[in-house]
Amino acid sequence: SPGRCFMPSSQTHSATGSYYVEMHGSWDRVIRNGGPVLRLHYRDNIGDWVGAAEAIFAHVGRAIPRERIFAAYETVERMRSENPFSVRFRKGLVGEGEASMPEHLKDRIRSLYKLYPDVDFTPIDPGA
């Protein structure tokens, strides 16, 4: 319901954390084996939406002029200002998931890193 605050449970944090460990480990292996994957982090997108879109288009072989991408971005922003519910984008903060997680759960999730000994988890967990 509107106005209701959702606080993730320990079980939700654990399940989500396990998912991200498995996802990051799997994609890291695909990338290291030459898979055609563009690694784009949330912080890249919120820092430069137009640049992130430009990188995605370039990665899939589409040369879309930056001006056209910027015009689309301006259209979305205008639509959102006219009706905030017409366009939905997550408005999170980099690191908010980690900040809301108790240390014992971070430790539990980090213990899963040993399943992927050849994977660098620092891109998703600077404390790794």
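The values are calculated or read from the model by the stated rules, or taken from the named source; none is laboratory data. The structure displayed is predicted, hence computed values, not measured ones. Methodologically, a virtual Cβ is constructed for each residue, glycine included, from the backbone with ideal geometry; neighbour enumeration extends over all protein chains shown. For accessibility, only protein heavy atoms count, side chains too; no ligands or nucleic acids. Shrake-Rupley method; radii C 1.70, N 1.55, O 1.52, S 1.80 Å.
Condition check ((1) modelled with pLDDT under 80; (2) farther than 14 Å from Leu115 by Cβ; (3) assigned to a helix (DSSP H, G or I)) across all residues:
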site	(1), (2), (3)
Pro2	yes, yes, no
Gln11	yes, yes, yes
Ser14	yes, yes, yes
Ser18	no, no, yes
His24	no, no, yes
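Residues of the stretch 31-53 that are open to solvent by 60 Å² or more (accessible area, probe 1.4 Å) and assigned to a helix (DSSP H, G or I): Arg32, Tyr42, Arg43, Asp44, Ile46, Gly47, Trp49.
Ala58 meets each of the listed conditions (1) part of a helix (DSSP H, G or I); (2) at pLDDT below 90; (3) open to solvent by 60 Å² or more (accessible area, probe 1.4 Å) apart from (2). Summed over the stretch 61-83, the residues that are more than 30 Å from Pro36 (Cβ to Cβ) and outside any helix (DSSP H, G or I) give a count of 1.
For the stretch 61-73, filtered to residues that are of a type in the set (D, E, K, R) and surrounded by 11 or more Cβ atoms within 10 Å (Cβ to Cβ), the residue that is nearest to His41 (Cα to Cα) is Arg66.
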